[in-house]
């Protein structure tokens with residue numbers, strides 16, 4: 001029987017298996033950030049140990065940092081302490097650290113790929129659920145807790161049970177104004193926020209093949225929102241071209257040799273998946289969410305489902321979500337006035353996302369009542385935004401460009417949406433209070449977010465294309 | 001460093017009959033700024049437990065004196081979303097040793113197990129029965145029996161078995177921890193590295 005892409009990578013990284021238990025899985029690269037690593041460092045040191053393979057770990061400060069005045073000391077004391085600890089711990093253990101203001105600083109899942117750390121065939125972990133992003137390169141990448149961060153510090157391995165395998169095929173070509181974000185929000189609306197729990201997903205089909213690496217990263221990023229352990233895409237020419245020439249990618253003849261190996265990373269024709277779904281691109285339009293988990297989404301022109309159409313056992317939770325959002329069943333959201341727009345995050349904070357935003361903002365201006373957080377995913381993205389003149393387009397539209405970081409995706413810093421306010425966000429989670437206590441998040445694509453900046457309302461971006 | 005052992009526990013239970021409880025609700029992001037593992041229990045379910053003026057919301061089960069015990073019972077897809085282990089630390093620090101639901105998110109399940117808290121996954125119908133039992137009698141007691149892998153409603157004797165990986169079961173019964181296990185495997189891991197060069 002053939003092997004899946006996932007099997008090929010997983011199996012080649014198993015050091016040994018505990019009978020009736022998890023595998024000892026070797027990790028090629030661990031990324032760390034300031035929020036989920038300090039307890040792992042102190043745990044390790046309490047055991048009297050050093051980091052086992054510091055060269056295979058990369059640190060960046062991103063979750064808990066301000067997105068303005070990064071050249072000044074961080075004002076908030078606890079945040080400053082956390083970032084300082086990351087720097088100290090990294091230095092003490094010989095780990096490369098990209099701090100605030102560093103040309104390579106940025107959101108961990110933006111930095112990893114753009115520096116070429118992320119490569120096909122690797123196993124990658126980080127104490128962050130959106131580590132699934134790196135699966136876009138054909139790697140097995142997944143989020144872990146702090147105990148597991150410490151396991152990797154101590155042994156460059158984690159103990160993991162092997163997940164089941166799911167394939168999601170999306171046929172056809174996405175329509176004009178329909179992005180990879182809409183695709184994954186559509187899949188979420190069909191399978192729910194727990195539809196892939198216990199599985200590792202491989203995304204396939206012509207819609208995926210036609211995507212850029214940035215678009216693929218958006219899809220894999222949100223596989224965790226389906227409950228999946230991770231998501232991945234078989235590498236191809238698009239992948240190899242993206243990786244080629246990046247700082248930490250193999251260079252010259254080593255790169256050519258690596259590509260020959262990477263070309264073997266695909267699911268065999270006779271490989272068996274535990275579950276398979278197929279969707280058609282033609283069924284996908286711009287999407288928005290209306291509830292308090294990413295599975296509660298709909299086509300932008302649709303109406304919120306009626307309570308009676310929901311499974312009886314889930315009706316209370318559904319009603320709670322609508323109450324929090326102050327929406328009614330059967331309500332249409334097109335034309336609904338909103339207050340804030342957030343563009344950025346590890347889901348949609350890459351240069352291609354800002355190009356999409358610029359394509360709508362160019363020559364237009366922000367609705368007066370709209371507040372924005374527009375935040376590049378990294379310093380390199382910020383630099384490219386300037387090189388391409390996107391900063392001028394934003395400025396002319398009356399939109400401020402901030403400095404890189406996770407920002408209002410989880411609002412650990414000051415980038416909060418006030419209680420009761422609606423925010424159209426390109427990030428990945430619309431949980432209660434995610435963007436600040438009482439905030440109401442509507443997830444959407446960069447195009448839909450840009451359209452909302454102009455009109456101040458939930459707007460089909462295709463009107464502007 | 002050993003984790004706290006679990007064997008059998010007889011206790012009352014605290015019900016939160018809501019589905020899709022994500023880890024942002026269990027511990028909101030603004031409380032993740034600490035650099036140690038203690039004290040997170042104070043902010044467990046912070047935004048469901050306290051209003052905007054930091055006053056306890058009396059109807060929330062953690063504020064309702066009639067509910068107590070070391071068993072937390074939640075709706076399906078418990079612990080979804082962010083991988084923050086702070087959620088597990090908050091649950092353990094508050095004093096829960098067992099979380100019961102019909103479905104757990106993967107990362108959360110690993111995280112609680114690594115902190116000596118047992119996730120007990122039972123059927124949807126048994127979960128409803130447990131919620132009904134607590135609603136009917138908030139002093140109802142439940143028995144967790146890890147060696148036999150059963151969870152029982154004591155008054156009715158109704159019981160269901162649950163799955164746990166034998167390795168993890170052994171860890172919880174004996175207080176073993178994964179990190180110590182891996183450190184003991186370092187020679188084998190170094191051999192593995194040589195084969196990949």
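The values are calculated or read from the model by the stated rules, or taken from the named source; none is laboratory data. Note that the coordinates shown come from a computational prediction; the quantities given were computed from them, not determined experimentally. We place every Cβ from the backbone using ideal geometry, glycine too, and count neighbours over all the protein chains shown.
For the range A:123-135, does any single residue satisfy the condition of being out of contact with any strand residue (DSSP E or B) (no Cβ under 8 Å at 6 or more places or on another chain) and within 14 Å of another protein chain (Cβ to nearest Cβ)?
No, the range A:123-135 contains no residue that is out of contact with any strand residue (DSSP E or B) (no Cβ under 8 Å at 6 or more places or on another chain) and within 14 Å of another protein chain (Cβ to nearest Cβ).
Within the range A:234-249, work out how many residues are buried (at least 18 other Cβ atoms within 10 Å of the Cβ), assigned to a loop (DSSP other than H, G, I, E, B) and within 21 Å of the chain's Cα centre (by Cα).
Total satisfying the criteria: 2.
Report the residue count in the range B:7-36 for those that are surrounded by fewer than 21 Cβ atoms within 10 Å (Cβ to Cβ) and in a loop (DSSP other than H, G, I, E, B).
Number satisfying all stated conditions: 8.
Just to check your reading of the model, which residue among A:19, A:37 is in the same structural domain as residue A:84 (by TED's automatic domain parsing) and crowded, with 24+ Cβ neighbours inside 10 Å?
Unique residue meeting the criteria: A:37.
Among the helices (runs of 4 or more DSSP H) lying completely within the range A:1-119, list those that include at least 3 residues that are closer than 16 Å to residue A:144 by Cα and within 11 Å of chain B (Cβ to nearest Cβ). Steps first, please.
On the way: elements: A:5-11, A:38-46, A:77-93, A:108-114.
Passing ranges, in order: A:38-46.
I want to confirm something. Restricting to the range B:91-102 and keeping residues that are surrounded by 24 or more Cβ atoms within 10 Å (Cβ to Cβ) and within 13 Å of chain A (Cβ to nearest Cβ), which single residue is nearest to residue A:196 (Cα to Cα)?
My answer is B:101.
Of the residues A:214, A:225, A:148, only one is in a helix (DSSP H, G or I), outside the structural domain of residue A:430 (by TED's automatic domain parsing) and without any contact (Cβ under 8 Å) to a residue 40 or more places away in the chain; which?
A:148
Of the numbered conditions (1) touching a residue at least 24 places away in the same chain (Cβ under 8 Å); (2) buried (at least 16 other Cβ atoms within 10 Å of the Cβ); (3) farther than 30 Å from residue A:28 by Cα; (4) in contact with a strand residue (DSSP E or B) (Cβ under 8 Å, 6 or more places away or on another chain), residue B:164 satisfies every one except a single condition; which is it?
Unmet for residue B:164, out of (1) touching a residue at least 24 places away in the same chain (Cβ under 8 Å); (2) buried (at least 16 other Cβ atoms within 10 Å of the Cβ); (3) farther than 30 Å from residue A:28 by Cα; (4) in contact with a strand residue (DSSP E or B) (Cβ under 8 Å, 6 or more places away or on another chain): (3).
Evaluate the range B:140-150: report whether one residue or more is within 14 Å of chain A (Cβ to nearest Cβ) and under 19 Å from residue B:123 (Cβ atoms).
First, pick out the residues of the range B:140-150 that are within 14 Å of chain A (Cβ to nearest Cβ): B:149.
Remaining after also requiring under 19 Å from residue B:123 (Cβ atoms): B:149.
Yes, the range B:140-150 has at least one match.
Checking residue B:58 against (1) farther than 30 Å from residue A:45 by Cα; (2) away from chain A (no Cβ under 13 Å); (3) touching a residue at least 40 places away in the same chain (Cβ under 8 Å): exactly one of these is not met. Which one?
Here residue B:58 clears every test but (3).
Just wondering, is there one or more residues in the range A:308-317 that are surrounded by fewer than 22 Cβ atoms within 10 Å (Cβ to Cβ) and closer than 27 Å to residue A:463 by Cα?
no
Residues to consider are A:193, A:136; find the one that is modelled with pLDDT of 95 or more and not in a loop (DSSP other than H, G, I, E, B).
A:136
Quick one: would you say residue B:73 is touching a strand residue (DSSP E or B) at 6+ places or on another chain (Cβ under 6 Å), away from chain A (no Cβ under 11 Å) and either surrounded by fewer than 24 Cβ atoms within 10 Å (Cβ to Cβ) or over 28 Å from residue A:312 (Cα atoms) (or both)?
no
Within the range B:63-70, does at least one residue satisfy the condition of being within 25 Å of residue A:146 (Cα to Cα) and under 11 Å from the mean Cα position of the chain (by Cα)?
Within the range B:63-70, one or more residues are within 25 Å of residue A:146 (Cα to Cα) and under 11 Å from the mean Cα position of the chain (by Cα).
Of the conditions (1) within 14 Å of chain B (Cβ to nearest Cβ); (2) closer than 27 Å to residue A:464 by Cβ, residue A:173 satisfies every one except a single condition; which number is it?
All conditions are met except number (1).
Here are the criteria: (1) under 16 Å from the mean Cα position of the chain (by Cα); (2) within 10 Å of chain A (Cβ to nearest Cβ); (3) under 19 Å from residue A:143 (Cα atoms). Tell me which single one residue B:26 does not satisfy.
The single condition residue B:26 does not satisfy is (2).
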